[in-house]
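As structure tokens, the structure follows; a few thoughts come after it.
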Amino acid sequence: MNSIEIAYNNSKTEYLISDAELFLQNLETKYDRLVLIVDSNIENMYNSIISKYLYISIIATEVNKSQETINRIYSFCLHHHVNKSDIIIGIGGGITTDITGFAASSFKRGIDFGFIPTTLLAMVDASIGGKNGINYDGYKNMIGSVNQPKFICSDILFLKTLPHSEVINGYAEIIKSAAIADSLLTEELFRKQYFDLSYIILKVANIKISIVSKDEKEQGLRKVLNFGHTLAHSIEKEYLYPHGVAVAMGMIVAIQLSFKYGYLSFNKSNHLIKLIYSYFDFASYPICINDVVDAIRFDKKRNGDSIDFVLLQDLGTPLIKKIPINILMENLYDICVTR
Ligand code: GLY
């Protein structure tokens, strides 16, 4: 079993790669009851494991990442007298883990919770970091809390039934982590050499863990994890394209800007952009510049006529820079024509 322990200011989280069924069995000795919040797809596919426990299933869509779903979970917990001697466990992708973390953090002012992420994206990114929450009035993750799970248990068995398009989504975060923190991993991904997925997941999880544990509340350092995401959030809001596709587009613009500002050499920026294109086909994801720019204008991270953007000073070395919106617009035009 591969495992890392993460220490934050006020809490500790264990991240491990393990057999989820066995892990749940062991957890039964530590808590009165395990209360599962399960993505409905996982409920159907892994019913023999899920049905051993008290559980509620949710349809994990962005629309359902809402106060209504949180209220359903509160009612379920109240009805079953869930209390502090129980643990709430989210089993699913990032939507499920975000909802679970927020519901568990607020119910009775906080019940222990943990995650079993079942998508590659959730294993390497969405389940890690302690930001939990829901969407509000069309804005993603507007309401929420920062509170760390007791554990994150990734079981790669779940990836066997994950659609290929979902696996590719996870690769956007893997490429992002390599770009901001591990140039060797960039090369490994480029060569698409055979690698052990557990090893890659642990390596990428560790990158996020080490950044977040130094800046849990996003005062500074943690912002580098937004590489490719500032633009991605606007693209996702406008088009509901898969997260990974939006992040990949956002990274391309960020890399181009890193080159234009004189940080990243032509060869290195080209190399990274080629890496992204080798994993992503953008042909079925057209974007209209004006719509995306309108969404950026309303971005909560915007600061006057410019926006904080994560660029690369070098491969594996990020930096945060204020980019005027008009410069951003020119680069959005670039990604449309190079596609
Ligand atoms: N839950 C995702 C994060 O904290 O970044």
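The values are calculated or read from the model by the stated rules, or taken from the named source; none is laboratory data. Fair warning: this is a prediction, and the values are worked out from it, not measured in the lab. We place every Cβ from the backbone using ideal geometry, glycine too, and count neighbours over all the protein chains shown. Remember, those area values only see protein heavy atoms, side chains included, never the ligands or the DNA or RNA. Shrake-Rupley method; radii C 1.70, N 1.55, O 1.52, S 1.80 Å.
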When all Cα-Cα pair distances of the chain are considered, the percent exceeding 31 Å is 31 percent
List, in order, the whole-Hz ³J(HN,Hα) value for each residue of the range 245-254 obtained from phi through the Karplus relation with A = 6.51, B = -1.76, C = 1.60 and θ = phi - 60°; use x for Gly and Pro.
5, 5, 5, 4, 5, x, 5, 4, 5, 5
The correct ranking of PHE102, PHE227 by accessible area at 1.4 Å, largest first, is PHE102, PHE227
How much of the DSSP beta bridge set in the chain is antiparallel, as a percent to the nearest 5?
50 percent
Between the range 155-224 and the range 41-60, what is the C-alpha centre distance in whole Å?
27 Å
Taking H placed 1.01 Å from N in the peptide plane, check which residues at least 5 places from LEU264 or on another chain put their amide H under 5 Å from its amide H.
PHE259
Ellipticity estimate at 222 nm from DSSP helix runs (n ≥ 4, -39,500 (n - 2.57)) divided over the chain, nearest 500
-14000 deg cm²/dmol
Over the range 132-289, what is the relative contact order in percent, taking alpha-carbon pairs closer than 8 angstrom and at least six residues apart?
21 percent
In terms of the alpha carbon gyration tensor, root eigenvalues a ≥ b ≥ c, rounded if a/c is under 1.5 and otherwise prolate when a/b exceeds b/c or oblate, the range 132-275 is rounded
Between LEU319 and residues 5 or more places away or on another chain, which pairs have amide H atoms under 5 Å apart, with H built 1.01 Å from N, and which residues are they?
LEU311, LEU312, GLN313
Straight-distance crosslink candidates among lysines, where the alpha carbon sits under 19 Å from LYS52 and sequence neighbours closer than 8 are dropped
LYS30
Sites matching chymotrypsin sites (Phe, Trp or Tyr not before Pro) across the range 151-207 that sit in DSSP coil, with at most 15 neighbouring C-beta atoms within 10 Å
TYR194, PHE195
Cα centroid separation - the range 262-280 against the range 74-122, whole Å:
39 Å
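Could you work out the relative contact order of the range 1-118, using alpha carbon pairs under 8 angstrom and six or more residues apart, expressed as a whole percent?
23 percent
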Relative contact order for the chain using alpha-carbon pairs under 8 Å, separation at least 6, rounded to a whole percent?
14 percent
R0 of 22 Å, Cβ-Cβ distance THR161-PHE190: FRET efficiency to nearest 0.05:
0.20
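Skip the ligands, DNA and RNA, and give the accessible area per residue of the chain with a 1.4 Å probe, whole Å².
44 Å²
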22 Å Cα-Cα threshold exceeded, pairs from LYS203/LYS260; LYS223/LYS321; LYS131/LYS208; LYS160/LYS223:
LYS203/LYS260; LYS160/LYS223
Per residue of the range 267-276, what does 6.51 cos²θ - 1.76 cosθ + 1.60 with θ = phi - 60° give for ³J(HN,Hα)? Whole Hz please, x for Gly and Pro, Karplus curve as stated.
4, 5, 5, 4, 4, 5, 5, 4, 4, 5
